[in-house]
Amino acid sequence: MYENYDVKYEIKKDWWLIAIIILIWIFTFTVFGRLPDKIPMHWNISGQVDSFGPKHDIFILPSIITGIYFAMLYIPLIDPKRANYGKFAGAYRVIRAVLVIILSEVYFVSTYSALGYKIDINRMGNLIIPFMLIGFGSAMGKLRHNYFVGIRTPWTLADEEVWNKTHQLGGKLWLIAGIIGLFASFFTGTWVAVLIFVLLITAVIVPVVYSYIVFKNKEK
């Protein structure tokens, strides 16, 4: 029998993620006074800054990271499928960890860039996305029917078998896309970013289409 989802237990298991979030806030307040009045907020596909914002915007990403983490921690409590979360608690922890780590990397890269350090934004972006795909892909096949986490299409939400088949395919596809992207990230050139973007879009769209096909085949 699977254990129920327990927020207090999950917080204990996530102590190191909470430590990362606290570290981010300490770092943010520590470096705030050293930031220029305008900081880079967005980079184009060539790695060039194409958008700036006031230095107070440095608080946006830490707020997003904190909000996403605690939202994910408590959302299962309001899910009608709450009982299923105990069946994939480990995979759910992996997803929380991947989100916090990936967003933290983006935060530290952008902040150090704002502080004047030379950062290869393209190389970092080309590494972050494949690791995200691999992390999510490793957990996706273990997700069970719920309303908040996973490939939520009308067809996966309507049928548990469609959900399971879609997530099995999606997990394998995301892993393969991540591995290909990780290999490509060792090369340089705009084509690498384009390839990784195509891999990401493919990994997102194919499972959605597949869920529709599986659902329609069940109706026949």
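The values are calculated or read from the model by the stated rules, or taken from the named source; none is laboratory data. Computed from a predicted structure; not experimentally measured. Note that each Cβ is placed from the backbone with ideal geometry, even for glycine, and that neighbours are counted across all protein chains shown. Protein only, heavy atoms only, side chains kept; ligands, DNA and RNA dropped before computing areas. Shrake-Rupley method; radii C 1.70, N 1.55, O 1.52, S 1.80 Å.
With the condition kept exactly as written, say whether any residue in the stretch 181-199 is surrounded by 12 or more Cβ atoms within 10 Å (Cβ to Cβ), among the small types (Gly, Ala, Ser), in a loop (DSSP other than H, G, I, E, B) and touching a residue at least 24 places away in the same chain (Cβ under 8 Å).
Yes: the stretch 181-199 contains one or more residues that are surrounded by 12 or more Cβ atoms within 10 Å (Cβ to Cβ), among the small types (Gly, Ala, Ser), in a loop (DSSP other than H, G, I, E, B) and touching a residue at least 24 places away in the same chain (Cβ under 8 Å).
What is the one condition in (1) within 12 Å of the chain's Cα centre (by Cα); (2) among the β-branched types (Val, Ile, Thr); (3) assigned to a helix (DSSP H, G or I) that VAL149 does not satisfy?
VAL149 satisfies all of (1) within 12 Å of the chain's Cα centre (by Cα); (2) among the β-branched types (Val, Ile, Thr); (3) assigned to a helix (DSSP H, G or I) except (3).
Looking at this structure, is LYS172 surrounded by fewer than 20 Cβ atoms within 10 Å (Cβ to Cβ) and assigned to a helix (DSSP H, G or I)? Break it down stepwise before answering.
Values: surrounded by fewer than 20 Cβ atoms within 10 Å (Cβ to Cβ): yes; assigned to a helix (DSSP H, G or I): yes.
Considered against the rule, which asks whether it is surrounded by fewer than 20 Cβ atoms within 10 Å (Cβ to Cβ) and assigned to a helix (DSSP H, G or I), LYS172 comes out as yes.
Give the stretch 26-56 a look and list any residue that's open to solvent by 50 Å² or more (accessible area, probe 1.4 Å), assigned to a helix (DSSP H, G or I) and not hydroxyl-bearing (Ser, Thr, Tyr), or say none.
ILE26, PHE29, GLY33, ARG34, HIS56
Select from the stretch 105-134 the residues that are under 18 Å from the mean Cα position of the chain (by Cα) and open to solvent by less than 10 Å² (accessible area, probe 1.4 Å) and write down the one among them that is nearest to LEU173 (Cα to Cα).
If we take residues in the stretch 105-134 being under 18 Å from the mean Cα position of the chain (by Cα) and open to solvent by less than 10 Å² (accessible area, probe 1.4 Å), then LEU133 is nearest to LEU173 (Cα to Cα).
What number goes with the only condition from (1) within 30 Å of VAL49 (Cβ to Cβ); (2) open to solvent by less than 30 Å² (accessible area, probe 1.4 Å) that THR156 does not pass?
So the condition that THR156 fails would be (1).
Taking the condition open to solvent by less than 60 Å² (accessible area, probe 1.4 Å) and either among the small types (Gly, Ala, Ser) or under 27 Å from GLN168 (Cβ atoms) (or both), does ALA83 pass?
Taking the combined requirement at face value, the residue does not satisfy it.
Residues in the stretch 58-69: is at least one open to solvent by 50 Å² or more (accessible area, probe 1.4 Å) and under 20 Å from SER138 (Cβ atoms)?
Within the stretch 58-69, one or more residues are open to solvent by 50 Å² or more (accessible area, probe 1.4 Å) and under 20 Å from SER138 (Cβ atoms).
Filter the stretch 88-102 down to residues that are surrounded by fewer than 18 Cβ atoms within 10 Å (Cβ to Cβ) and of a type outside the set (A, V, I, L, M) and give me whichever is nearest to PHE148 (Cα to Cα).
ARG93
Given the residues ASN84, ASN4, which is the only one that is touching a residue at least 12 places away in the same chain (Cβ under 8 Å), farther than 20 Å from LEU99 by Cα, of a type outside the set (Asp, Glu) and assigned to a helix (DSSP H, G or I)?
ASN84
For the stretch 201-220, give me each residue that is surrounded by 16 or more Cβ atoms within 10 Å (Cβ to Cβ) and modelled with pLDDT under 95.
None - no residue of the stretch 201-220 is surrounded by 16 or more Cβ atoms within 10 Å (Cβ to Cβ) and modelled with pLDDT under 95, so the list stays empty.
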